[in-house]
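First the structure, in the form of C-alpha coordinates, and then the observations on it.
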Amino acid sequence: MVHAHQVQKAVNAIVRTIHPISIVLFGSVAVNDTGNDLDLMIVIDENYGSVPEIQMAVHRCLSSCYRQFAVDPFVVTRDALSRVSSQKSPFLRTIVREGRLVYMKDADREWMRQAREELDTANYLFRGKYNKGCCYHAQQALEKGIKSRLLKKGWELEKTHSIARLVALSQEFRIRIGLTDEDIVFMDSIYRGRYPAEEGLLPFREPSALDAEKAIHIAGKIVKSPKGQKLNPNV
(Lines give C-alpha, C1' and ligand atoms only; values in the text may rest on other atoms or scores of the structure.)
Protein backbone atom coordinates (compact mmCIF):
# COMPACT_ATOMS: atom_id res chain seq x y z
CA MET A 1 0.00 0.00 0.00
CA VAL A 2 1.06 3.58 -0.63
CA HIS A 3 -0.06 6.63 1.36
CA ALA A 4 -0.32 10.32 0.55
CA HIS A 5 2.64 11.27 2.74
CA GLN A 6 4.92 9.17 0.47
CA VAL A 7 4.05 11.15 -2.65
CA GLN A 8 6.67 13.83 -2.08
CA LYS A 9 9.54 11.33 -2.17
CA ALA A 10 8.59 10.26 -5.70
CA VAL A 11 7.90 13.83 -6.80
CA ASN A 12 11.29 15.06 -5.54
CA ALA A 13 13.10 12.25 -7.37
CA ILE A 14 11.34 13.10 -10.64
CA VAL A 15 11.89 16.86 -10.33
CA ARG A 16 15.61 16.41 -9.64
CA THR A 17 15.99 14.19 -12.71
CA ILE A 18 13.87 15.63 -15.54
CA HIS A 19 12.62 19.07 -14.40
CA PRO A 20 8.99 18.62 -15.57
CA ILE A 21 6.48 21.40 -16.13
CA SER A 22 4.05 19.83 -13.68
CA ILE A 23 3.13 16.61 -11.90
CA VAL A 24 -0.46 15.60 -11.12
CA LEU A 25 -1.37 12.90 -8.63
CA PHE A 26 -4.51 10.98 -9.61
CA GLY A 27 -6.17 7.67 -8.86
CA SER A 28 -6.94 6.13 -5.48
CA VAL A 29 -4.23 7.96 -3.51
CA ALA A 30 -5.47 11.34 -4.77
CA VAL A 31 -9.05 10.48 -3.82
CA ASN A 32 -8.63 8.39 -0.66
CA ASP A 33 -5.09 9.27 0.50
CA THR A 34 -4.15 5.60 0.17
CA GLY A 35 -4.06 2.95 -2.56
CA ASN A 36 -2.19 0.07 -4.16
CA ASP A 37 0.01 2.29 -6.33
CA LEU A 38 0.95 5.90 -6.96
CA ASP A 39 -0.52 7.25 -10.22
CA LEU A 40 1.36 10.30 -11.52
CA MET A 41 0.86 12.31 -14.72
CA ILE A 42 4.16 14.00 -15.59
CA VAL A 43 3.91 16.89 -18.06
CA ILE A 44 7.11 17.76 -19.93
CA ASP A 45 8.15 20.34 -22.49
CA GLU A 46 8.09 18.85 -25.99
CA ASN A 47 11.62 20.15 -26.61
CA TYR A 48 13.09 18.46 -23.54
CA GLY A 49 13.42 15.02 -25.14
CA SER A 50 11.43 12.11 -26.50
CA VAL A 51 8.75 10.57 -24.33
CA PRO A 52 10.38 7.07 -24.36
CA GLU A 53 13.69 8.60 -23.19
CA ILE A 54 11.95 10.53 -20.42
CA GLN A 55 9.98 7.45 -19.36
CA MET A 56 13.25 5.53 -18.99
CA ALA A 57 14.79 8.36 -16.95
CA VAL A 58 11.73 8.45 -14.70
CA HIS A 59 11.87 4.68 -14.23
CA ARG A 60 15.49 4.85 -13.15
CA CYS A 61 15.07 7.75 -10.75
CA LEU A 62 12.18 5.98 -9.02
CA SER A 63 14.19 2.83 -8.28
CA SER A 64 14.44 3.61 -4.55
CA CYS A 65 10.68 4.26 -4.41
CA TYR A 66 9.85 0.93 -6.05
CA ARG A 67 11.38 -0.86 -3.07
CA GLN A 68 8.73 0.68 -0.81
CA PHE A 69 5.65 1.10 -3.01
CA ALA A 70 4.41 0.83 -6.59
CA VAL A 71 4.51 3.89 -8.85
CA ASP A 72 2.71 4.16 -12.19
CA PRO A 73 4.13 7.23 -14.00
CA PHE A 74 2.39 8.55 -17.12
CA VAL A 75 4.60 10.92 -19.17
CA VAL A 76 3.00 13.33 -21.64
CA THR A 77 4.19 16.44 -23.48
CA ARG A 78 2.38 19.71 -22.96
CA ASP A 79 1.38 19.86 -26.65
CA ALA A 80 0.03 16.32 -26.62
CA LEU A 81 -1.90 17.04 -23.45
CA SER A 82 -3.43 20.12 -25.06
CA ARG A 83 -4.47 18.15 -28.14
CA VAL A 84 -6.05 15.34 -26.13
CA SER A 85 -7.79 17.82 -23.84
CA SER A 86 -9.52 19.42 -26.83
CA GLN A 87 -10.87 15.95 -27.74
CA LYS A 88 -12.55 15.67 -24.32
CA SER A 89 -10.78 12.47 -23.34
CA PRO A 90 -12.64 10.58 -20.55
CA PHE A 91 -9.26 9.66 -19.02
CA LEU A 92 -8.17 13.29 -18.79
CA ARG A 93 -11.59 14.39 -17.51
CA THR A 94 -11.13 11.93 -14.66
CA ILE A 95 -7.68 13.33 -13.88
CA VAL A 96 -9.00 16.91 -13.92
CA ARG A 97 -11.92 15.95 -11.67
CA GLU A 98 -10.00 13.83 -9.17
CA GLY A 99 -6.37 14.86 -9.67
CA ARG A 100 -4.22 16.85 -7.29
CA LEU A 101 -1.44 19.10 -8.54
CA VAL A 102 1.65 18.16 -6.53
CA TYR A 103 4.29 20.06 -8.51
CA MET A 104 4.40 22.99 -10.92
CA LYS A 105 7.53 24.59 -12.32
CA ASP A 106 7.80 28.23 -11.18
CA ALA A 107 4.41 27.75 -9.52
CA ASP A 108 4.33 31.07 -7.67
CA ARG A 109 5.03 33.09 -10.83
CA GLU A 110 2.48 31.13 -12.87
CA TRP A 111 -0.24 31.62 -10.27
CA MET A 112 0.51 35.36 -10.09
CA ARG A 113 0.41 35.58 -13.89
CA GLN A 114 -3.03 33.98 -13.82
CA ALA A 115 -4.09 36.30 -10.98
CA ARG A 116 -3.17 39.36 -13.08
CA GLU A 117 -5.09 37.92 -16.02
CA GLU A 118 -8.15 37.45 -13.81
CA LEU A 119 -7.87 41.07 -12.62
CA ASP A 120 -7.53 42.27 -16.22
CA THR A 121 -10.72 40.34 -17.03
CA ALA A 122 -12.52 41.82 -14.01
CA ASN A 123 -11.65 45.35 -15.15
CA TYR A 124 -12.73 44.60 -18.71
CA LEU A 125 -16.10 43.35 -17.47
CA PHE A 126 -16.43 46.33 -15.12
CA ARG A 127 -16.04 48.73 -18.04
CA GLY A 128 -18.75 46.78 -19.87
CA LYS A 129 -21.02 46.99 -16.77
CA TYR A 130 -21.06 43.21 -16.32
CA ASN A 131 -20.94 43.51 -12.55
CA LYS A 132 -21.58 39.86 -11.67
CA GLY A 133 -18.79 38.59 -13.92
CA CYS A 134 -16.51 41.34 -12.70
CA CYS A 135 -17.03 40.31 -9.07
CA TYR A 136 -16.33 36.66 -9.82
CA HIS A 137 -13.07 37.31 -11.68
CA ALA A 138 -11.93 39.75 -9.00
CA GLN A 139 -12.45 36.99 -6.42
CA GLN A 140 -10.45 34.59 -8.59
CA ALA A 141 -7.65 37.17 -8.89
CA LEU A 142 -7.49 37.52 -5.12
CA GLU A 143 -7.57 33.75 -4.54
CA LYS A 144 -4.78 33.07 -7.04
CA GLY A 145 -2.73 36.01 -5.82
CA ILE A 146 -2.73 34.73 -2.24
CA LYS A 147 -1.95 31.20 -3.41
CA SER A 148 1.03 32.58 -5.33
CA ARG A 149 2.46 34.12 -2.18
CA LEU A 150 1.89 30.92 -0.23
CA LEU A 151 3.55 28.77 -2.90
CA LYS A 152 6.60 31.03 -2.81
CA LYS A 153 6.93 30.20 0.89
CA GLY A 154 6.81 26.45 0.24
CA TRP A 155 3.10 25.82 0.84
CA GLU A 156 1.75 22.58 -0.63
CA LEU A 157 -1.16 23.51 -2.89
CA GLU A 158 -4.60 22.46 -1.69
CA LYS A 159 -7.98 22.73 -3.39
CA THR A 160 -9.74 25.58 -1.64
CA HIS A 161 -11.57 28.70 -2.81
CA SER A 162 -11.99 30.12 0.69
CA ILE A 163 -10.29 33.48 1.14
CA ALA A 164 -10.69 33.07 4.92
CA ARG A 165 -8.79 29.78 4.75
CA LEU A 166 -6.03 31.26 2.57
CA VAL A 167 -5.61 34.28 4.84
CA ALA A 168 -5.35 31.99 7.88
CA LEU A 169 -2.66 29.96 6.08
CA SER A 170 -0.85 33.18 5.21
CA GLN A 171 -0.68 34.06 8.90
CA GLU A 172 0.92 30.67 9.60
CA PHE A 173 3.56 31.41 6.94
CA ARG A 174 4.00 34.96 8.30
CA ILE A 175 2.77 36.58 5.10
CA ARG A 176 1.17 40.00 5.49
CA ILE A 177 -2.00 40.12 3.40
CA GLY A 178 -3.59 43.40 4.49
CA LEU A 179 -7.24 42.38 4.15
CA THR A 180 -9.85 43.37 6.70
CA ASP A 181 -12.45 40.92 8.03
CA GLU A 182 -15.02 42.82 5.95
CA ASP A 183 -12.89 42.31 2.82
CA ILE A 184 -12.63 38.57 3.50
CA VAL A 185 -16.36 38.03 4.14
CA PHE A 186 -17.29 40.10 1.08
CA MET A 187 -14.99 38.21 -1.30
CA ASP A 188 -16.01 34.80 0.06
CA SER A 189 -19.67 35.73 -0.42
CA ILE A 190 -18.96 36.41 -4.09
CA TYR A 191 -17.68 32.86 -4.64
CA ARG A 192 -20.51 31.23 -2.69
CA GLY A 193 -23.01 33.21 -4.73
CA ARG A 194 -21.67 32.29 -8.15
CA TYR A 195 -24.67 30.03 -8.89
CA PRO A 196 -28.34 31.07 -8.60
CA ALA A 197 -29.22 28.40 -6.02
CA GLU A 198 -26.44 29.31 -3.58
CA GLU A 199 -26.31 31.79 -0.76
CA GLY A 200 -23.99 34.75 -0.46
CA LEU A 201 -23.77 38.11 -2.19
CA LEU A 202 -25.88 36.60 -4.98
CA PRO A 203 -28.66 35.82 -5.86
CA PHE A 204 -30.45 37.92 -3.22
CA ARG A 205 -29.53 40.88 -5.36
CA GLU A 206 -27.44 41.45 -8.43
CA PRO A 207 -24.16 43.14 -7.56
CA SER A 208 -24.04 46.85 -8.20
CA ALA A 209 -21.28 48.83 -9.86
CA LEU A 210 -20.11 49.76 -6.36
CA ASP A 211 -19.89 46.06 -5.44
CA ALA A 212 -17.83 45.38 -8.57
CA GLU A 213 -15.59 48.35 -7.90
CA LYS A 214 -15.11 47.20 -4.32
CA ALA A 215 -14.18 43.68 -5.44
CA ILE A 216 -11.54 45.04 -7.84
CA HIS A 217 -10.15 47.31 -5.13
CA ILE A 218 -9.81 44.41 -2.66
CA ALA A 219 -8.15 42.15 -5.24
CA GLY A 220 -5.79 45.00 -6.10
CA LYS A 221 -4.40 44.90 -2.57
CA ILE A 222 -2.73 41.61 -3.50
CA VAL A 223 -2.54 41.60 -7.30
CA LYS A 224 -0.89 44.37 -9.25
CA SER A 225 -0.90 44.92 -13.00
CA PRO A 226 2.32 44.06 -14.86
CA LYS A 227 3.36 47.74 -14.92
CA GLY A 228 2.19 48.35 -11.36
CA GLN A 229 -0.61 50.74 -12.32
CA LYS A 230 -4.19 50.46 -11.15
CA LEU A 231 -6.21 48.79 -13.85
CA ASN A 232 -9.49 50.47 -12.98
CA PRO A 233 -9.04 54.25 -13.14
CA ASN A 234 -12.13 54.76 -10.96
CA VAL A 235 -10.70 52.79 -8.02
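Quick notes on this one:
- Residue match in region 29-36 (condition: modelled with pLDDT under 90 and of a type in the set (Asp, Glu)): yes
- Boolean, Phe173 is modelled with pLDDT of 90 or more, surrounded by 15 or more Cβ atoms within 10 Å (Cβ to Cβ) and among the aromatic types (Phe, Trp, Tyr): no
- Among the criteria (1) among the charged types (D, E, K, R); (2) modelled with pLDDT of 95 or more; (3) in contact with an Asp or Glu (Cβ under 7 Å, 6 or more places away or on another chain), the one Glu143 does not fulfil is (3).
- Which listed residue, of Lys105, Lys159, Lys129, is within 25 Å of Glu182 (Cβ to Cβ) and surrounded by fewer than 23 Cβ atoms within 10 Å (Cβ to Cβ): Lys129
- Here Val58, Val7, Val15 are screened, and the one residue that is modelled with pLDDT of 95 or more and aliphatic (A, V, I, L, M) is Val58.
- Ala70 being in contact (Cβ under 8 Å) with a residue 60 or more places away in the chain, surrounded by fewer than 18 Cβ atoms within 10 Å (Cβ to Cβ) and assigned by TED's automatic domain parsing to the domain that holds Arg97: yes
- Flag if Pro203 is at pLDDT below 85 and within 16 Å of Asp108 (Cα to Cα): no
Residues checked against (1) over 22 Å from Asp106 (Cα atoms); (2) touching a residue at least 12 places away in the same chain (Cβ under 8 Å):
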position: Val15; (1), (2): no, yes
position: Val24; (1), (2): no, yes
position: Ser28; (1), (2): yes, no
position: Val31; (1), (2): yes, yes
position: Thr34; (1), (2): yes, yes
position: Ile44; (1), (2): no, yes
position: Tyr48; (1), (2): no, yes
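- Single residue of region 73-90 satisfying the filter (out of contact with any helix residue (DSSP H, G or I) (no Cβ under 8 Å at 6 or more places or on another chain), within 23 Å of Ser28 (Cβ to Cβ) and not polar (S, T, N, Q)) that is surrounded by the most Cβ atoms within 10 Å (Cβ to Cβ): Phe74
- Strands (runs of 3 or more DSSP E) lying entirely in region 13-87 (those with 3 or more residues that are in contact with a Gly (Cβ under 7 Å, 6 or more places away or on another chain) and closer than 23 Å to Glu156 by Cβ): 22-26
- So Leu62, is it among the hydrophobic types (A, V, I, L, M, F, W, C) and in the same structural domain as Ile190 (by TED's automatic domain parsing): no
- Selection status of Lys144, in contact (Cβ under 8 Å) with a residue 12 or more places away in the chain and at positive phi: no
The values are calculated or read from the model by the stated rules, or taken from the named source; none is laboratory data. The structure presented is a predicted model; accordingly, all values stated were derived computationally and were not measured. As a convention, Cβ positions derive from the backbone with ideal geometry for all residues, glycine included, and neighbour counts pool all protein chains shown.
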